[in-house]
Structures are given as structure tokens and as C-alpha cells.
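Notes to accompany the following structure.
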Amino acid sequence: MADRGASGSPDILVLGGGFAGLAAATALAASGARVLLLEARPYLGGRARSWVDPESGSVVDNGQHLFMGCYEETLRFLDRLGTRDRLGLQPRLELPFVEPGGGLSTFRLPRLPTPWDLAAGLLRFPGLSLAERIGLLRVARDTRRQARRPGGAPHRGAPGGDLDGTSVAQWLASLGQTAEANRRLWHPLAIAALNETPEKASAAMLVPVLHRAFARGAAGSRLGLARVGLSELYAEPAAHFLKARGSEVRLRAQVRRVVFERGRFAWALLADGARLAAGAAVAAVPAADLLEMLPPETAAGAPFAGLSRLEVSPIVSAYLWFGSPITDLPFAGLLGGTWQWMFNRRAFGGHAGGAHGVTLVTSAARELAERPVEFLVRKALDDLHAFFPESRRATLRHSLVIKEKRATLAHAPGTLALRPGPRTPCQGLYLAGDWTATGLPATIEGAVASGHACALLAREGRPPS
Ligand SMILES: Cc1cc2nc3c(=O)[nH]c(=O)nc-3n(C[C@H](O)[C@H](O)[C@H](O)COP(=O)(O)OP(=O)(O)OC[C@H]3O[C@@H](n4cnc5c(N)ncnc54)[C@H](O)[C@@H]3O)c2cc1C
């Protein structure tokens, strides 16, 4: 029998305090439910969190996180918390790419109605021949076509789902993209969006990103960064939000097992032996953790049995602090660099600390993730010197390397069908997380959308108390 506590059971347990769990919990609390959120670690935020780096005194995230104007569910979540103004979004998309030596080519969206803005932006993209630029339009056209054809049942209606057997590289080749168009534009975008190489990533996951960014007006393609640390953007405000509405957040509360009685969620067993009963549970933990907490016979059945085949992909970030500025660019893709992106932390204000902070990021970083920190810092300096020659004069004061080895799903072809939706065959158990079937790659927006979807279902399915 589970503990009920002095004030009775909560209406709903939310397991996991990342973007997905906090979005679910706050949406439920906003509608009057009493939520108990259980987080295994001593802090909230999961794979998107911040802390103060003791040596520099700066607030650092566990890796640079980029937001987009089309992150509608995320913006709704931040509105709920009252922290949307802590996110800085560009007025209009500008995406600079730098070559070794400092040559700059910027992808811009001109002020024209959609879809002419994208067409004109592609036709004006510098560094490509006219034929190559006209060729870029084929990708825009096919994205629209694919997005109008939702995938079949296994793909749960994901736009472009029919492409899940095709890699990004194959899709781009089928649309006649040249090596230079791939090098300068498509590959950097695909790797950043999917955290996977174009050869290994499913085209079905690039289509919805391009479609959402460009099909619904220029506002969707704007890029944004948090002006504060990620924990201050959403994790701490979400905890306050919950407490203010009579809900509870418990840290260091690792769920060992979810227990069903008569086919319905009944209670959660914690690592310290506590048993917590509730009317329903939203599991918002990574897939591997979910498998551990399910009874083995449940984990062996649909839709859970395929989850062990989901693979993960790392992201490596290097934070560097200099005595003088490195560049005026707010951020840039580094074409051909060991590091793929540079973020100039000064340009986005807030949490850069005293010195001139630069963050370098590489996605799908399987090789870098195995390298020693000294090697990565040396490569970071090599890249900065090569791409921003002025930086040779700047003195490095401090560095910090963060390896997130399980940063996101690896979106290999065939992965879409393995990702389950929010409903499960177990009554009262709902699934959230960036890895669930959100129709998006594993991103903040997918995580938040999945949390919101679970909140809706859990509210509808709650038995009368
Ligand atoms: C370095 C890096 C850079 C990224 N960049 C971007 C970006 O630019 N843009 C973007 O959109 N996305 C980005 N992402 C992806 C984004 O961070 C994730 O999609 C998102 O944070 C996932 O949220 P989540 O709630 O689904 O999972 P998580 O954040 O993993 O949350 C799950 C939580 O469950 C907890 N938990 C696990 N097991 C248990 C248990 N047994 N009991 C209780 N709690 C448990 C975990 O401790 C964790 O807090 C990036 C990710 C990383 C790592």
C-alpha cells in the first residue's frame, strides 16, 4: 500500500524535472491539479540547466541552447512562467557563416511575404553559383510537398514521415544539391538541428524543422538565446510557479518503479523506499530511465520494447573567457572548423560574466567527446585564430569544456517509428520527453510540446477524486 501523507495523495505525479516534466507540471497546476514533481537529481533542468562556474563567476549552461521563433509551445510555457522577456529573439533571421581567414556569408530572410522571403533569401545566399542558388529552391519546394503528406501510421502523422527511410544526405542528393551548397548551408543546419551527421540522420526529422521555421511567416525562423542562465529562464521559475499553486517539487527523489494495480497506474516506488500514490503519472524521463522504472513485463511489450534501440548522440561545448573581444558577431557557423558554431556571449548580454566569453559547440561530436579537455581547448583556440584572426591578440583567461555524451536522440533513419506517443496501454501513465513522438527532432520545443500534450490527456483521464 502507498503512503498517502497528511494532506492525501497528489492528483498527478510528474516524474522528471526537465523541460518536458516542468511544462507538464505547470500546465496541470495552472488548471487546478495538485502535482507532485519527482526529480532524481539535486537540481531541476535535466539536459538544459545552468550554474555558476566557480572560477570565472559566470553563469554557464550545460551547453549553448538555441531557441527559434517557431518554438510556440516553449513560448507559451515561458508566458505561463512570466519569463518570456528573458529570451532574446532576433527581429528577423540572420545566420552568419564564417570561413577560415574571416570571410563571411550571411543567410538573411528579406522582408517579403512567405514563401517569397525564403525563395529570395536562398537566391541571394552568397558564395554559391546562380545555378546552385536556384537549386536550393528545390529543397524549399520539396519541404513544402513533404510537409503536406503526413507519414503513415508508424510515423504518427509526422510531416515528412514518409522520408524516415532516407538520410538527409540522400534526400539532398535526390534534390540535386551540390557539395558546396551542402557544405555552406544544408549540412551545418542539419547537424545543428538533428545532432547527427547528414549521412546518419533521417530526412524525416529535417523536414518539420525547415517547414516550421519557414512556412508560417518570417517570425518562425528567428533565432534566440536566453539572456539569463537556463535555470533562471525556466527551471527555477517553474518550481516557484508550482509551489505557489499548492503543488510540490521533490529533488533527490529517484523513482525506482512505477506500479500498476488492475492495469492502472497506482503508485511510484522511490529509491529511499517511499511509495507515492496518485491518480495518474506523467513520466518525463529519458527513454533509458523509463525502461528501468517499468515492470519488466510492461517494458517487454509495445510500445516500450523498441525503446532500447533508440541511440543517443553527444554535444561538446567549450566555454572560453578572454581579456579582450574576439568578434562583433553574435554567433556564427564555422565552415570546416573542428568546432561547428561560435556564440559570442557578450552579444546576448546577461550571463557572460566580466570577461569576453565565447562558447564553441560541436554536435554529433562522437570523436570530440572522447578527447581530453586540453586537446579540445587547443582546438578551440586554433579555430578562433583561424576564423577570427584578430583573436590572436586576445589572452585566454579561463576555459571550461562540457561533454554531454547523451545530449539527444541520434535521429537515424527508422527511429521515428520507435518513438511512442503520450498515451500508453497502461491507464493513467503518460509519456513526455524530447524523445517521444512529437513530430520534431529531440529539442526543447519537442520536450515542452510533449509535456503539454500529457497535461491535456492527464486532465481528461483523471478519475473523479
Ligand atoms: C548540450 C546540449 C545542447 C542542446 N542544444 C539545444 C538547442 O540548441 N535547442 C534545442 O531546442 N534543444 C537543444 N538541446 C536539447 C534539449 O536540451 C532537450 O531536448 C531537452 O532539454 C530535453 O528535455 P526533457 O525534459 O525531455 O529531458 P531531460 O532534460 O533529460 O529531463 C529528464 C529529467 O528526468 C530526470 N530523471 C531521470 N530518471 C529519473 C528517475 N528515475 N526519477 C526521477 N527523475 C528522473 C533527469 O534527472 C532529468 O532531470 C540540447 C541538449 C544538450 C545536452
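Each reported figure results from applying straightforward, stated rules to the coordinates on display, with no laboratory input. Because the structure is predicted, anything quoted here is derived from the model rather than measured. Heads up, the Cβs are rebuilt from the backbone with ideal geometry, glycines too, and the neighbour counts pull from every protein chain shown.
At-a-glance table
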| item | result |
| --- | --- |
| Euclidean distance of C-alpha centroids, the range 49-108 and the range 172-190, integer Å | 24 Å |
| Packing-based exposure ordering (other Cβ within 10 Å, fewest first) of GLU199, GLU94 | GLU199, GLU94 |
| Relative contact order (%) - criterion: Cα under 8 Å, at least six apart; region: the chain | 25 percent |
| Fraction of antiparallel bridges per DSSP, the chain only, in percent to nearest 5 | 75 percent |
| Degrees between helix 203-215 axis and first principal axis of the chain (Cα, 0 to 90, nearest 10) | 80 degrees |
| For peptides 319-331, 359-371, 444-456, sequence by mean Cβ density within 10 Å, most packed first | 444-456, 359-371, 319-331 |
| Relative packing of peptides 63-73, 137-147, 15-25 - highest average C-beta neighbours within 10 Å first | 15-25, 63-73, 137-147 |
| Where N is the number of residues in the range 177-297, Cα Rg divided by 2.2 N^0.38 Å | 1.55 |
| Cβ charges +1 (Lys, Arg) and -1 (Asp, Glu), total dipole of the chain, debye | 760 debye |
| By average C-beta atoms within 10 angstrom, highest first, the peptides 401-409, 187-195, 113-121 | 187-195, 401-409, 113-121 |
| Per residue Cα convex hull volume in Å³ - calculated over the range 108-217 | 91 Å³ |
| Extension gain from ASP382 to HIS398, taking 0.36 nm per residue of separation minus the Cα-Cα distance | 4.2 nm |
| As computed over the chain, the Cα convex hull volume per residue (Å³) | 140 Å³ |
| Whichever lysines have a C-alpha closer than 28 Å to that of LYS403, once near sequence neighbours (fewer than 8 apart) are set aside | LYS200, LYS379 |
| Built amide H within the under 5 Å cut-off of GLY421, gap 5+ | ALA437 |
| For the range 108-217: relative contact order, % (alpha-carbon pairs under 8 angstrom, 6 or more apart) | 29 percent |
| Descending principal axes extents, the range 355-465, alpha-carbon based, whole Å | 67, 33, 21 |
| Per residue, the convex hull volume that the Cα atoms of the range 28-137 enclose (Å³) | 202 Å³ |
